[in-house]
1. Classify the range 55-142 from the C-alpha gyration tensor, please: rounded if a/c falls under 1.5, else prolate or oblate depending on whether a/b exceeds b/c.
2. Across every pair of different alpha-carbon atoms, what Kirkwood hydrodynamic radius in Å does the range 109-219 reach?
3. Trypsin sites (Lys or Arg not before Pro), restricted to the range 131-219: which are DSSP loop and have at most 16 other Cβ atoms within 10 Å?
4. If amide H atoms are built 1.01 Å from N in the plane of the peptide, which residues on other chains or at least 5 residues away come under 5 Å of the amide H of K146?
5. What is the pair-distance distribution P(r) of the range 1-73, computed from all Cα-Cα distances in 10 Å bins starting at 0, with each bin given as a whole percent?
6. From the helices alone, meaning DSSP H stretches of at least four residues, give me the mean residue ellipticity at 222 nm for the chain, per-run term -39500 (n - 2.57), in deg cm²/dmol to the nearest 500.
7. If I compute solvent accessible area with a 1.4 Å probe over the protein chains, what percent of it on the range 3-213 is carbon and sulfur?
8. For E63, which sequence-distant residues (separation of 5 or more, or a different chain) have an amide H within less than 5 Å of its own amide H, given hydrogens modelled in the peptide plane?
Amino acid sequence: MNITNNIKKYRETLPKNVRLVAISKTKPNSDIMEAYEAGQRIFGENKVQEMTEKWENLPKDIEWHMVGHVQRNKVKYMAPYVKLIHAVDSLKLLKEINKQAKKEDRIISGLLQLKIAEEDSKFGITIAEAEKILTSEVYQKMENTKIVGLMGMATFTDNDEKVRSEFRYLKKVFDDFQQKYPAFTELSMGMSGDYHLALENDTTMVRIGSKIFGERNYQ
Ligand SMILES: *Cc1c(COP(=O)(O)O)cnc(C)c1O
């Protein structure tokens, strides 16, 4: 993998209003630095501990995004620095994010992860659950956290039509929510295998890992 060329390619070809989140989970700091030197500043991780170690050792102008499922007891470790939490899926988690952000005197943004795929294994909530969170008095009183959009993961399949229809659905839900919640500006959808289909449906953030850094080795 030529990380420098990959970053350059995405920076040149993605529409200007789409942000590239380089998913660096399992990859060493040297790989992240190569992407950084090619101009990349937004990196995404799916484990709080791994992300925190990287934050400690890498340039401080990197914007760190948590894209994985978050356990409440881990929020405090990333509260000092995390920029965006992509997979908020409960009011309880949001309460903890707000509490820890307040301690750090920060405002932490989040996205609600909607379930758009069929598989049971995918995390995420329904539209009704999202509405319930956004309209709750508890959320509306929070001063240190703000939901700024939606995230979704399509079914893992090479059936493009299926993926396309899931993204189209998420985009429609996003548009509806945006009418009611003007803070909604971000739609995080699209990964290495399907980001081209997400682009067709006006994604604002693509989360690309293996096509930048190569396949991941999990021990
Ligand atoms: C790992 C991961 C990605 C990136 O996956 P690739 O297929 O390697 O691009 C994107 N989003 C989430 C939530 C992930 O966990």
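The values are calculated or read from the model by the stated rules, or taken from the named source; none is laboratory data. The structure displayed is predicted, hence computed values, not measured ones. Here the Cβ is made from the backbone with ideal geometry for all residues, glycine too, and neighbour counts use every protein chain on show. Surface accessibility is based on the protein's heavy atoms, side chains included, excluding ligands, DNA and RNA. Shrake-Rupley method; radii C 1.70, N 1.55, O 1.52, S 1.80 Å.
1. Here the range 55-142 falls in the oblate category.
2. Answer for the range 109-219: a Kirkwood hydrodynamic radius of 14.8 Å.
3. Passing sites in the range 131-219 are K141, R216.
4. Distant-sequence amide H within range of K146: I108, S109, G110.
5. Whole-percent P(r) values from 0 Å outward: 19, 52, 25, 4.
6. After summing the helix terms and dividing by residue count, I get -12000 deg cm²/dmol.
7. 49
8. Those qualifying (amide H under 5 Å, at least 5 residues apart or on another chain) are I42, F43.
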